[in-house]
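Read the figures in this text as sums done on the coordinates, not as results from a lab. Since this is a predicted model, take the numbers as computed values, not measurements. We place every Cβ from the backbone using ideal geometry, glycine too, and count neighbours over all the protein chains shown.
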Amino acid sequence: MIDARKHTAPAAGETPRRQAINDLSMSIRDVIPVANTTERAQLVSDLTAAGAAPSTTNPVSVYRADAPAGARVEWTDDDTTWSRPRETRAGIATGTTSAGGDISVTFSPAFATTPAGVTVSDSNIGAGIGMIFWKVHSLTATGFIARAMNATGTSPVTELTTSFHYIAVGA
């Protein structure tokens with residue numbers, strides 16, 4: 001029988017037998033720890049030999065210890081394409097801009113590759129010049145530079161101390 005958690009479980013009153021326990025064990029879709037891609041490949045080989053090859057109805061999820069921090073959970077439904085949840089970094093940037101209105105933000109930890117994008121909040125903190133809008137000037141795996149803009153779309157010509165929220169989403 002299939003229980004509420006979609007595990008193959010012995011039916012009520014069924015006499016315990018080794019195969020029922022094996023069926024239950026193989027139906028649990030837990031995240032399996034592996035050291036690296038070699039161990040991940042061996043796991044898939046073992047699951048395939050046991051009749052539990054990755055598929056859309058039987059995805060395989062692993063926690064790969066040698067993957068970059070924040071990107072260690074991976075899954076596949078075909079053993080060809082391994083996917084990961086998108087990494088994110090979020091925080092509050094606080095500091096003083098350069099004379100041109102730039103402020104640098106460093107991601108900790110860095111992304112493995114350049115993120116897909118970063119969003120910054122607008123701020124009304126800064127030198128009494130009114131609402132400040134932020135434009136991402138450059139973006140890399142290690143951080144970004146945001147440029148302060150005023151309502152007319154120009155950068156202030158003065159340094160200012162400010163803060164804003166940001167969120168970056170990995171590729």
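Brief remarks follow.
- Taking the longest Cα principal axis of the chain as reference, the axis of helix 18-27 is set at about 20 degrees.
- Note on T113 and A99: the extension gain reaches 2.1 nm, defined as 0.36 nm multiplied by sequence separation minus the Cα-Cα distance.
- Sequence of I132, I92 once ranked by neighbouring C-beta atoms within 10 Å, starting from the fewest: I92, I132
- Between helix 37-49 and the chain: long-axis angle, C-alpha atoms, 0 to 90°, nearest 10: 30 degrees
- In the chain, a dipole from Cβ-located charges (positive for Lys and Arg, negative for Asp and Glu) runs towards its positive end, and of G13, A90, A69 it is A90 whose Cα lies farthest in that direction.
- Contact order relative to length of the chain, as percent, for alpha carbon pairs under 8 angstrom and 6 or more apart: 19 percent
- Three-way shape call for segment 1-85 based on the alpha-carbon gyration tensor, with the a/c threshold at 1.5: prolate
- Pairwise FRET efficiency - A141 versus Y63, Cβ, R0 = 25 Å, nearest 0.05: 0.65
- Here each label is just a point 7 Å from Cα along the line to Cβ, and for N36 and V169 those points are 3.4 nm apart.
- Computed 3J(HN,Hα) for segment 112-117, one whole-Hz value per residue from the Karplus formula 6.51 cos²θ - 1.76 cosθ + 1.60 where θ = phi - 60°, is 5, 9, 4, x, 5, x, glycine and proline marked x.
- The computed Kirkwood radius over Cα pairs in Å for the structure shown corresponds, within (1) 19.8; (2) 19.1; (3) 20.7, to (1).
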